[in-house]
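Here is the structure we will look at.
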Amino acid sequence: MNPPFSQACENNQAPILQVLQRHFANRRLVLEIGSGTGQHSVYFAPRLPHLVWQTSDLAENHPGILAWHSRHPAPNLRAPLALDLATSGWPPGGFDAAYTSNTAHIVAWPLVERMFELAGTHLPANGVFAVYGPFNYNGAFTSDGNRAFDAMLRQRDPASGIRNAEDVVSLALSHSLRLIEDNAMPANNRTLVFMKER
């Protein structure tokens, strides 16, 4: 099959990588939550050769992820695990980092809560969780483009929408994940980096 393509996945890969190269420098096993099309995994894995990149997503998205993997194989890239935030537990394997892109505004808020609960419960002390996507600040959109994007999301699914960064940071802290860096990305996106406190 032809791999599925998302322009959103192509956007900002290089700036995200710069953040991951710093914060994943001493990581060895990263769980990507919601690998989507698989585009991020084939970009990041070969550029972070010191670690293992484990993809995951709903089973229905696995064929697309595997199609990307077959075209761009890397020795440290792992086939996707089945992960549904509504029903799945944290996968075994001893992950010391996690990464997710463009998920918090797509899934319903209870699933965002579940994602941070899982990460906060299962990452070890000093484990790292990097979260990429658009966020509002002080309840306000950071651009007209994000305002329009949020309207489109909510028309398609009223439970989705761009989240307030303050709400996400507070949620993370309730699961012992402290914000250590908030990185501005091109096109009004951010990469938030959290560290497990205990």
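Observations on the structure shown:
- Cα centroid separation, the range 77-142 to the range 1-20: 17 Å.
- Structure-based [θ]222 nm, the chain - -39500 (n - 2.57) summed over DSSP H runs of at least 4, per residue, nearest 500: -10500 deg cm²/dmol
- Unit charges at the beta carbon, dipole of the range 7-196: most positive-side option, 116, 139, 62: 62
- Computed 3J(HN,Hα) for the range 76-85, one whole-Hz value per residue from the Karplus formula 6.51 cos²θ - 1.76 cosθ + 1.60 where θ = phi - 60°, is 9, 9, 10, 4, x, 8, 6, 9, 10, 4, glycine and proline marked x.
- Residue order, fewest to most beta carbons within 10 Å, for 1, 195, 152: 1, 152, 195
- DSSP-defined antiparallel bridges as percent of all bridges, the range 7-196, nearest 5: 45
- A simple spin-label model places the labels of residue 25 and residue 47 1.7 nm from each other, with each point 7 Å out along Cα-to-Cβ.
- Couplings for the range 191-198, taken from phi via the Karplus curve 6.51 cos²θ - 1.76 cosθ + 1.60 with θ = phi - 60°, read 10, 8, 10, 10, 10, 6, 7, 7 Hz in order; Gly and Pro are left as x.
- Coupling constants for the range 148-158 follow from the phi torsions by the Karplus curve (6.51 cos²θ - 1.76 cosθ + 1.60, θ = phi - 60°), and in residue order they are 5, 4, 4, 4, 5, 4, 6, 5, 6, 8, x Hz; glycine and proline get x.
- Nearest-20 debye value, the chain charge dipole, Cβ charges on Lys, Arg, Asp, Glu: 420
- Ratio Rg/Rh [Cα only; Rh per Kirkwood] for the range 7-196: 0.93
Quick note: the coordinates plus some simple rules give every number you see, no bench work behind them. Just so we're clear, the structure is a prediction, and the values are computed from it rather than from any experiment. Cβ sites come from the backbone with ideal geometry, for glycine too, and all protein chains shown count toward neighbours.
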